[in-house]
Amino acid sequence: MKKFIKTATLIMMASIFLTACGNLSNSSLSSGSSDSGKTSVQTTNASDSGSYDVLMDSGKYKTSSISGLSASDNNNQFNSRSFESGLMTLSKDQFSTSNYVFQEGQVLSAGTVNKWLGRKSSKNPTGLNPKSNGSKSENKRAPMYLQQMLEQDYFQKDNGKYKLAGMSVGIAINEVDYYQKKQYGATFQTKISEADRKAQGEAIAAKVVQRLRKMKSVGNIPIVVGLYSVAPQDTLAGGNYFQTSTAKSNELGGWKHLDYKSQMLPTVNNEDPISSSDSDAFANFKSHIQDYFPNISGVTAQAHYDGNSLKSLDVTVNTQFDGLAQVTSFTQFVQDSAGKYLPSGANLEINIQTVDSQQALITRTNGKFYSHVDNAD
């Protein structure tokens, strides 16, 4: 297994902090239903009702040890961002931002998830991917269905102590499984049908919930599970969650179908836009900032839809600016332009970057803008 940290993961973490103000409150932490292992913790105070307060440990953000773990390589960088942000969106239906505090998953360890992501075998009996049938034929081999897992934890305050009160688990299922017939050889692919993704995802989810229930720290808390379809490497947009369910016992409830879609803007290969008005709005935004600042090498966006309703835009602006004053001025100009040209009902995340580094981040959540320029005090 390989562990890699993607830029998208860092962007999401930054976004969480940008949507929270600097006030911190002290309290005690207790995982699960036990009062053992108390530590001094703090929480950020979210700046709006649509964002979670974030649980901190001694003033530090705690990352999950399983973030970035993957069963195999998939170079589509857009998957990571939508995998994480999409799970938080699903979580809000079960764990309201007014009653729960967020923390990256701390229950599942890297060692455990590495085993689960592997194939089932005599040496790895807990593997959630199928045992190899020995075939290397694209249509006869047993593909790797499970690509990645994600955990998010949700806490509530009880008698002055934060207790784990809910959990969300993302299960990423491959649309295409990439493999090699011999080490360092050519890459081949097995395509996985929608029906197989659904069937395998549901079966894997059931096993994951049963295993989690056996962990003392989890107990009987609600567990939200989302099934995510991993977009192939050659697509210019990330994948989407296609089903969700909640377990309030040892078994999951009924599955809810999700009509989520993602599309790259500007569209490519003569693809029709999901919404011509959204596409035109983005084109106007792009043209406006490129006309004003010539040192821009590209402006693209991932548009995320629920049915035909635009929910969010993840925009990337590639620049060639060197000076802090230029970046600061440009960031304010981009924010003003976004408010003027981009659809008002959608959440925004605008990453301003060079080839080598991120320079600034602009977010809009529930109509409120926040911005941060790197290296600017």
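The values are calculated or read from the model by the stated rules, or taken from the named source; none is laboratory data. Model, not experiment: these values are computed from the prediction. Because the Cβ atoms are built from the backbone with ideal geometry, glycine has one as well, and the counts that use them run over all protein chains shown. Protein only, heavy atoms only, side chains kept; ligands, DNA and RNA dropped before computing areas. Shrake-Rupley method; radii C 1.70, N 1.55, O 1.52, S 1.80 Å.
Modelled label positions at Ser329 and Ser137, each set 7 Å beyond Cα in the direction of Cβ, lie 6.5 nm from each other. Placing unit charges on the Cβ atoms of the charged side chains and taking the dipole of the chain about its Cα centre, the candidate lying farthest along the positive direction among Tyr341, Gly127, Ile192 is Gly127. Modelled spin-label separation between Ser121 and Lys340, with each label point placed 7 Å from Cα along the Cα-to-Cβ direction: 6.0 nm.
Decide, for the chain, between rounded, prolate and oblate: order the square roots of the alpha carbon gyration tensor eigenvalues as a ≥ b ≥ c, take rounded if a/c falls under 1.5, and otherwise choose prolate if a/b is larger than b/c, else oblate. Working shown, then result.
On the way: a/c = 1.81, a/b = 1.16, b/c = 1.56.
Oblate is the answer for the chain, as a/c is 1.5 or above yet b/c matches or exceeds a/b.
With viscosity 1.567 mPa s and temperature 4 °C, the Kirkwood radius over alpha carbon pairs of the stretch 40-258 converts through Stokes-Einstein to a diffusion coefficient of 71 µm²/s. The charge dipole of the stretch 40-258, taken about its Cα centre with unit charges on the Cβ of Lys, Arg, Asp and Glu (plus for the first two, minus for the last two), comes to roughly 1000 debye. Taking the inverse of the mean 1/r over every pair of distinct Cα atoms in the stretch 281-339 gives a Kirkwood hydrodynamic radius of 12.4 Å. Rolling a 1.4 Å probe over the heavy atoms of the protein chains gives the stretch 40-258 an accessible area of 44 Å² per residue. Of the trypsin sites (Lys or Arg not before Pro) found in the stretch 94-198, those that fall in a DSSP loop while having at most 14 other beta-carbon atoms within 10 Å are Lys123, Lys131, Lys136, Lys140, Lys181, Lys182.
Please work out the FRET efficiency for the pair Gln180 and Lys157, using the Cβ-Cβ distance as r and a Förster radius of 45 Å; give the result to the nearest 0.05. Here the calculated transfer efficiency is 0.35.
So what is the relative contact order for the chain, in percent, with contacts set as C-alpha pairs under 8 Å and at least six apart? Intermediate values should be presented prior to the final figure.
Numbers: 775 pairs, mean separation 47.4, N = 377.
The value is 13 percent.
Listed peptides 236-247, 60-71 appear in the order 236-247, 60-71 once ranked by packing, highest mean of other Cβ atoms within 10 Å at the front. If you find the alpha carbon centre of the stretch 82-99 and of the stretch 178-234, how far apart are they in angstrom? The two parts, judged by their Cα centres, are 20 Å apart. Projecting the Cα atoms of Val225, Leu108, Thr97 onto the charge dipole of the chain, computed from C-beta unit charges around the Cα centre, puts Leu108 farthest toward the positive end. Tally Lys/Arg at +1 and Asp/Glu at -1 over every other residue whose Cβ is under 9 Å from the Cβ of Leu342; what's the total? Net local charge, Leu342 excluded: +1. The mean sequence separation of alpha-carbon pairs under 8 Å and at least six residues apart, normalised by the residue count of the stretch 264-373, gives a relative contact order of 23 percent.
What number comes out for the charge environment of Ser279, summing +1 per Lys or Arg and -1 per Asp or Glu over other residues with Cβ under 13 Å away?
Surrounding charge for Ser279 is -3.
Is there a pair in Lys92/Lys368; Lys120/Lys140; Lys115/Lys140 whose C-alpha atoms are over 21 Å apart, and which pairs would that be? Present the calculation step by step, with values, prior to reporting the outcome.
Details: Lys92/Lys368 19 Å; Lys120/Lys140 18 Å; Lys115/Lys140 24 Å.
Beyond 21 Å between Cα atoms: Lys115/Lys140.
Could you tell me which chymotrypsin sites (Phe, Trp or Tyr not before Pro) in the stretch 85-188 are loop residues by DSSP with no more than 10 other beta carbons within 10 angstrom of their beta carbon? Spell out each step's value before the answer.
Values: sites: Phe95, Tyr100, Phe102, Trp116, Tyr145, Tyr154, Phe155, Tyr162, Tyr178, Tyr179, Tyr184, Phe188; in loops: Phe95, Tyr100, Tyr145, Tyr184.
Those satisfying the criteria are Tyr184.
In this label model, Ser96 and Ser193 are separated by 4.3 nm, measuring between points 7 Å along each Cα→Cβ vector. Per residue, the stretch 264-373 exposes 48 Å² of solvent-accessible protein surface, assessed with a 1.4 angstrom probe and all protein chains in place. Over all other residues within a Cβ to Cβ distance under 15 Å of Thr354, the charged ones net out to -3, with Lys and Arg as +1 and Asp and Glu as -1.
Rounded, prolate or oblate for the stretch 248-306? Axes are the square roots of the Cα gyration tensor eigenvalues, ordered a ≥ b ≥ c, and the cut-off for rounded is a/c under 1.5. Here the stretch 248-306 falls in the prolate category.
How big is the Cα convex hull of the stretch 264-373 in projection, averaged over all directions, in nm²?
On the way: hull surface 27.0 nm².
Seen from a random direction, the Cα hull of the stretch 264-373 projects 6.8 nm² on average.
Element breakdown for the chain at a 1.4 angstrom probe: carbon and sulfur atoms account for 45% of the accessible area.
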